[in-house]
Amino acid sequence: MNVCRPVLDHPEDQLALVDRDGSWTWGELRAAAAAWAEVLAAAGVGPGERVALVAPASRQLVARYLAILALGAVAAPLNPTSPATELARELDLLRPALVVADPLTQSEVDQARRLARAAVA
């Protein structure tokens, strides 16, 4: 079964997600996931590639996750509260084609990348 299929089976105007910043209907969720799929595809994400997601639980996280799956890629959510040293280790093990972070987690991801590069040198 395609795990994205249930997203397509709901009426456009029916409530799909609620988070602290608001809510989306199924139509809005599908539109957000499609927009993210275009962004990720333009960044070179394709089938079988791993994409790390470092972001708190939100509507955007769900849209990004679905977009990754729709491209046939592998979504790898990482704990956004992890310290940079832990993220560096996880990213080293995962070796993602792309890391998607949000503004709240971007500085930790940047620091993790610096730590990972320093460990290789």
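Scanning residues 5 or more positions from Leu78 or on other chains, those with amide H under 5 Å from its amide H are Leu53, Val54, Ala55, with H placed 1.01 Å from N in the peptide plane. Taking Leu87, Leu15, Leu78 as the candidate residues, the one with maximal mean-square fluctuation in a Gaussian network model of the chain, Cα springs under 10 Å, is Leu15. When the Cα positions of Leu91, Val18, Ala70 are compared along the charge dipole of the chain, Leu91 comes out farthest toward the positive end, with charges on each C-beta of Lys, Arg, Asp and Glu. Remark on Ala16: its backbone amide H falls under 5 Å from those of Trp24, Thr25, Trp26, a criterion applied only to residues 5 or more positions apart or on other chains, H modelled at 1.01 Å from N.
Think of each Lys and Arg Cβ as +1 and each Asp and Glu Cβ as -1; about the Cα centre, that makes the dipole of the chain roughly 420 debye.
Considering only alpha-carbon pairs that sit under 8 angstrom and 6 or more positions apart, the relative contact order computed for region 1-112 is 25 percent.
Close amide H contacts of Leu98 (hydrogens built in the peptide plane, cut-off under 5 Å, sequence separation of 5 or more or a different chain): Ala52. Span-like helix check, the chain: qualifying full DSSP H segments, with Cα axial length of 20 Å or more and mean Kyte-Doolittle of -0.5 or more, are 26-42.
Ellipticity at 222 nm from helices only: DSSP H runs of n ≥ 4 in the chain, each -39500 (n - 2.57), divided by the residue count, give -15000 deg cm²/dmol.
All of the numbers you see were taken from the coordinates with simple rules; none came from a lab. Quantities reported herein were computed from a predicted structural model and do not represent experimental measurements. Ideal geometry is used to build each Cβ from the backbone, glycine not excepted, and the neighbour counts take in all protein chains shown.
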